[in-house]
1. Any chance you could count how many residues in the stretch 186-212 are surrounded by 18 or more Cβ atoms within 10 Å (Cβ to Cβ) and at pLDDT below 85?
2. Does F251 satisfy the condition of being modelled with pLDDT of 90 or more and in contact with a Cys (Cβ under 8 Å, 6 or more places away or on another chain)?
3. Would you mind stating whether D234 is modelled with pLDDT under 85, surrounded by 10 or more Cβ atoms within 10 Å (Cβ to Cβ) and of a type outside the set (A, V, I, L, M)?
4. From the list A221, A284, A244, pick out the single residue that is small (G, A, S), on the phi < 0 side of the Ramachandran plot and touching a Pro at 6+ places or on another chain (Cβ under 9 Å).
5. Can you list the helices (runs of 4 or more DSSP H) found entirely within the stretch 213-322 that contain at least 2 residues being small (G, A, S)?
6. Taking interchain pairs and intrachain pairs at least six residues apart, which have beta carbon atoms under 7 angstrom, with the first residue in the stretch 251-272 and closer than 18 Å to F37 by Cα and the second β-branched (V, I, T) and surrounded by 10 or more Cβ atoms within 10 Å (Cβ to Cβ)?
7. T253 versus (1) surrounded by 14 or more Cβ atoms within 10 Å (Cβ to Cβ); (2) touching a helix residue (DSSP H, G or I) at 6+ places or on another chain (Cβ under 8 Å): which is the lone unmet condition?
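The values are calculated or read from the model by the stated rules, or taken from the named source; none is laboratory data. Note that the coordinates shown come from a computational prediction; the quantities given were computed from them, not determined experimentally. Ideal geometry is used to build each Cβ from the backbone, glycine not excepted, and the neighbour counts take in all protein chains shown.
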Amino acid sequence: MSYYYKYNFVSPEPVYSTVKEELKSYFDTGAVDDLMFPTYLDKCLRKLGRATYVISEQALVIEDFEARLPDNFFAVREAWMCAEISMRPYQDASSFYSQAASLTTIQVAPLTIGGTPCNSPSCRNPECDGTCMPELIQAVYKTNTSVPRSYQRQYLLKPGNISARQNCSVEYTNAWAFTENTSNSNRNFTPGSSSYDSFDVRDNKFVTNFRNGIVHLIMYATEYDSGGNQMIPDNYRIREFVEAFLKYKVFETLSNQINDETFNQIQQKMLYYKQLSDEAFIMADIEIKKQDAWTKQRRIKNDLNRFNMYELPNRTNRFGRRNN
């Protein structure tokens, strides 16, 4: 299992607003607009790589060798084949507190149940405070949910090519029998695929070699805010690169239009912001490749233990340090 650092993702609207405010004279006159900003943002994220996309998990139910991928799917990071194993459920760490044992909300004064006033036969007053009813006791109900576990990850699937035949058959399994003249079987390949444990992605479907099963998919996904803008990592260097790239694209658009400024003036501004964009990209690329504290800790341990396999079996310490 691989380890990864998950960014906090935010809306790009503050970056868009900064660019439009700093270049407000061009936007106020209508020389440029923000119509292409989402496209430019997508170019920035694709240039930086998959580290700028959300990492999410999804359980895929494989039926007839394939399963439909989520709508926000971008690329596969890990795909684990799962086996069905009976395991005890575990309880969630959080609890939900309410004053009703059911989904119905009870208001004590004035007495309303589910938004409906008290309709007791002895009282028809819509502003009833509950005095006509038996004594009410305010109680707080604590609800804990449990998550059932019945699947366990077994092995990691490998990316490969799988035949795109629409009608899958199992006639080739007749060639799996052992022959009398050879000690090897014909199971060293799977017809139409690169290996037994391979998967393929095509037509927005996740295709495998096994007919039915569960796949735990860790994928790169695209997330959007309420305004339909693609979310960006909440990282200073990445935000600076997006802002510089948008300004560069604004002046590139102005250089292809007729405006009050001369071509040399627009050209100089465009080259200036292009240089800032390239420098910001280098800083952002370095930033996303940095190791966090946990990654450094794991790599230090790997370096200390890389030669343990060559140690003598009766050796308990090495250079004054206890063997790991």
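1. Here is the first cut: in the stretch 186-212, the residues surrounded by 18 or more Cβ atoms within 10 Å (Cβ to Cβ) are 193, 197-200, 206-209.
From the residues that got through so far, the ones that are at pLDDT below 85 too are 193, 197-198, 209.
Of the residues in that region, 4 qualify.
2. Working: modelled with pLDDT of 90 or more: yes; in contact with a Cys (Cβ under 8 Å, 6 or more places away or on another chain): no.
In short, no.
3. Working: modelled with pLDDT under 85: no; surrounded by 10 or more Cβ atoms within 10 Å (Cβ to Cβ): yes; of a type outside the set (A, V, I, L, M): yes.
Criteria not met by D234.
4. A221
5. Working: elements: 236-255, 263-288, 293-305.
So the answer is 236-255, 263-288.
6. F251/I266; T253/V32; L254/V32; L254/I266; S255/I266
7. All conditions pass for T253, except number (2).
Matching residues to (1) over 27 Å from W294 (Cβ atoms); (2) touching a residue at least 12 places away in the same chain (Cβ under 8 Å); (3) in a loop (DSSP other than H, G, I, E, B):
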| residue | (1), (2), (3) |
| --- | --- |
| E21 | yes, no, no |
| Y40 | yes, yes, no |
| K43 | yes, yes, no |
| A75 | no, yes, no |
